[in-house]
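Asks: Can you read through this structure? Questions will come right after.
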Amino acid sequence: MAEETIFSKIIKHEIPSEIVYQDDEVTAFKDISPKAKVHILIVPNKVIPTVNEIEDEDAALIGKMVLTAKKLAKDLGFAENGYRLVINCGEDGGQEVPHLHLHLLGGQKLRIVGLGF
């Protein structure tokens with residue numbers, strides 16, 4: 001079993017967070033250091049450390065994360081104008097918490113970030 005993370009504690013309501021959606025499979029909450037007008041993290045309730053640890057049996061769960069992002073973007077009123085979904089993988093990829101999470105960024109025009117290659 002994967003180690004407990006700060007996100008696990010948020011999922012279990014052991015530490016405060018502004019949860020905007022939760023069900024038996026995923027939890028979505030506002031990022032404490034937003035990079036856009038709206039910045040929500042969508043995490044599986046099951047701890048999966050990184051994309052590298054996703055198993056075949058997690059396919060529906062990963063799909064559920066994306067569908068949750070779509071629903072939140074629509075509910076928050078910016079789906080039609082567009083939004084960005086980002087998953088970082090590992091330290092070199094910019095992942096800070098070892099618990100898979102999908103960033104939903106929107107509510108404003110997002111600039112294109114150079115990839116540096």
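Asks: Please list 3J(HN,Hα) in residue order for the range 40-53, calculated via the Karplus relation 6.51 cos²θ - 1.76 cosθ + 1.60 where θ = phi - 60°; whole Hz, with x for glycine and proline.
Replies: 10, 9, 10, 10, x, 5, 7, 6, 10, x, 8, 4, 4, 9
Asks: With the chain treated as a Gaussian network of Cα nodes joined by springs under 10 Å, which of Leu41, Leu85, Leu100 yields the largest mean-square fluctuation?
Replies: Leu85
Asks: Give me the accessible area of His13, 1.4 Å probe, in Å² rounded to the nearest 10.
Replies: Here the residue's solvent-accessible area equals roughly 120 Å².
Asks: Would you please give the residues with an amide H less than 5 Å from that of Thr5, counting only those at least 5 places away or on a separate chain, with H modeled from the backbone geometry?
Replies: Sorted by chain and number, the residues that satisfy this come to none at all.
Asks: Here is a follow-up. Hey, what do the phi angles of the range 95-101 turn into as Karplus ³J(HN,Hα) couplings, whole Hz, using 6.51/-1.76/1.60 and θ = phi - 60°, x for Gly and Pro?
Replies: Working through the residues one at a time gives 7, 9, 10, x, 8, 2, 8 Hz.
Asks: What is the set of long-range amide H partners of Ser17 at a cut-off below 5 Å, with H atoms built 1.01 Å from backbone N?
Replies: Residues meeting the criterion, in which the H sits 1.01 Å from N, do not exist here.
Asks: Residue-wise, which Karplus ³J(HN,Hα) couplings in Hz belong to the range 59-70, taking 6.51 cos²θ - 1.76 cosθ + 1.60, θ = phi - 60°, and x for glycine or proline?
Replies: Per residue, the Karplus-derived 3J(HN,Hα) values read 4, 5, 5, 5, x, 4, 4, 5, 5, 5, 4, 4 Hz.
Asks: May I ask which residue of His101, Ala73, Ile87 lies farthest towards the positive end of the charge dipole of the range 3-117, with charges of +1 (Lys, Arg) and -1 (Asp, Glu) on Cβ and the Cα centre as origin?
Replies: After comparing all options, I get Ala73.
Asks: In whole angstrom, note down how far apart the Cα centers of the range 1-45 and the range 80-113 are.
Replies: 14 Å
Asks: Quick one: net charge of Leu41's neighbours, Cβ under 10 Å, K/R +1, D/E -1?
Replies: With Lys, Arg at +1 and Asp, Glu at -1, the neighbours total 0.
Asks: With Kirkwood radius over Cα pairs in Å in mind, check (i) 16.0; (ii) 17.3; (iii) 14.7 and report the label derived from this structure.
Replies: Correct label is (iii).
The values are calculated or read from the model by the stated rules, or taken from the named source; none is laboratory data. Owing to the predicted nature of the structure, the values given are computational and were not obtained by experimental measurement. As a convention, Cβ positions derive from the backbone with ideal geometry for all residues, glycine included, and neighbour counts pool all protein chains shown. With ligands, DNA and RNA removed, areas are computed over all heavy atoms of the protein, side chains included. Shrake-Rupley method; radii C 1.70, N 1.55, O 1.52, S 1.80 Å.
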